[in-house]
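Worksheet: one structure, shown below.
Throughout, read-outs are computed from the coordinates displayed, never taken from laboratory work. Only a predicted model underlies this, so the values are computations on that prediction, with no experimental measurement involved. Neighbour counts are summed over all protein chains in view; Cβ atoms, including those assigned to glycine, are modelled from backbone coordinates with ideal geometry.
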């Protein structure tokens, strides 16, 4: 059995009794990457030298009898839009192919404080724009369950690396579903925290009012541990919330009796694969058997969410990506005629098609004469979508539905049709617009491909989301299934 | 809503992108399709609905104005494509 199949407490137990070392864990991670990543393509940059140094330092500390951090010795993969001091950070873009950050994101400082070991940087859709990892400027990531299929995105490398057993856990980022959807496609757990719970300082901005960092793990308990390590107010991110951080691990009681569940009819209707719907209904039966009760609810503005999201996220992106001008970092076009030519050609040579498309859409929506019709209208619709959730949460503790309407699709199948691709996010985007937390947990298979169950909670009520997910997981075996990646 | 190639050129200029002719035609088609889809929002009456720019109830976040050391210049310019004497080098702006 792979070391990474062990529970976190068992790994720490073995480390404590010296039957396992951090260096062995680290080598197990690099060995697995060497064995599998030519087929998966999860990694963009490995941190071998520094990870080995970090592992040895942790082993020395352990030998000296020092206290262990919450994530002591665990091999971590980091999505490549989270800046890492001295470790190349590309956002899977040609533009940043040579960018070496001079500082760590706040989540990296927190992972280091919790004593996780950074194994390397994970592939993604360029600047987190996409749902398939086909928009990486370097190479696509493949789904470990079927390497002809996408792993989802944009945190596709993070989901695939965890599913393939290359790392113990990974960090991803979620703007419209970019943690939850790849978690669903790859059969792992992915948590998008409430907007503001985790600092965005050092996360390369895509859509600032939506972006949020979160964990991808093999089980819910690990997600609770990672969240515990990375949550909290950060003076360097003025949008990070100044709230007390509860004990997420203590929340995993297994007790969901009396839990009130709303199931949005809009997430179970047209466009949802019948097999996906079937898996969700089976999961609801599991909740019933544990003493929870569910009923149908309506989130009436769901059908408008995708349109509102693409206008808002693209508008924010067009503004955020203005910083990539070829002056302070990144690539610069050769022999520019003048400063304007330098900007235009550096950006055009550095950005891929999906990034250009969204910059164009956002610039158009914000341009003179169209602002009210598109941007402001979308912001008003966002208010209506948020009210749908506010209203539902007056009656329910959690909202449950599918994470994605279908299992993973084939590489190349949707890349020529942006609108079809955008529709894969129909169940995750409304949640992002409302800013509330949600987790995707494995709930079975459709045609041999993993299906994800989405559990959505009230703002800053990760405790209930994690408790519900953990109780469900404890009654099922889906999360223990591993992809048939033969060596 | 249909976007013309001329409009694509105008928006590309605002966004500081130099597009090839192929890209202009492609974006004209794709952006038209996306904006046509976005017209769906007009089915909703949003008269009097406050726009949401942000889900958290945050206004201005203030902090004490305490001096802190800045990054050393050598590190700030470490990733610059062109650097000279601790400054970012760009083509001449003035004739």
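Just a few scattered comments:
- Cα gyration tensor, segment B:18-95 - rounded (a/c under 1.5), prolate or oblate: oblate
- Inter-label distance, nm, simple model (7 Å from Cα along the C-beta direction), residue A:238/residue B:25: 4.7
- Distance from segment A:454-476 to segment A:186-221 (C-alpha centre basis), Å: 16
- Contact order for segment A:420-487, expressed relative to its length and based on alpha carbon pairs under 8 Å spaced 6+ residues apart, stands at 26 percent.
- For the peptide B:37-45, the mean number of other protein chain Cβ atoms found within 10 angstrom of a residue's Cβ is 6.
- Its relative contact order, with pairs defined as Cα atoms under 8 Å and 6+ residues apart, puts chain A at 17 percent.
- For the residues of A:240-246, the average number of beta carbons from a partner chain within 10 Å of their own beta carbon is 1.
- Distance (nanometres) between label positions extended 7 Å along Cα→Cβ at residue A:103 and residue B:73: 2.0
- Degrees, to the nearest 10: B:21-38 long Cα axis against longest axis of chain B: 60
- Global size of segment A:217-284: 17.2, 46 Å for Rg and Dmax (C-alpha atoms, Rg to one decimal, Dmax whole).
- Neighbouring partner chain Cβ atoms per residue of B:16-24, average, 10 Å criterion: 5
- Relative contact order for segment A:22-140, counting Cα pairs under 8 Å that sit 6 or more residues apart, in percent: 31
- Which of A:58, A:453, A:281 has the fewest Cβ neighbours within 10 Å, and the rest in rising order: A:281, A:58, A:453
- Here the residues A:61, A:323, ranked from fewest to most Cβ neighbours within 10 Å of their Cβ, fall in the order A:323, A:61.
- Ranked for footprinting exposure by Cβ neighbours inside 10 Å, fewest first, B:71, A:294, A:145 give B:71, A:294, A:145.
- Take each peptide in A:356-362, A:330-336, A:372-378, count the other Cβ atoms within 10 Å of every residue, and average; sorted highest first, the result is A:356-362, A:372-378, A:330-336.
- Relative packing of peptides B:27-35, A:295-303 - highest average C-beta neighbours within 10 Å first: B:27-35, A:295-303
- Most mobile of B:84, B:43, B:23 in a GNM of chain B (Cα contacts under 10 Å): B:84
- Distance distribution P(r), segment B:1-54, all Cα-Cα pairs, bin width 10 angstrom from 0: 22, 37, 26, 14, 1 percent.
- Spatial offset of segment A:240-254 relative to segment A:157-172 amounts to 23 Å, using the alpha carbon center of each.
- Built from the Cα atoms of the protein assembly as shown, the convex hull projects on average onto 27.2 nm², one quarter of its surface area.
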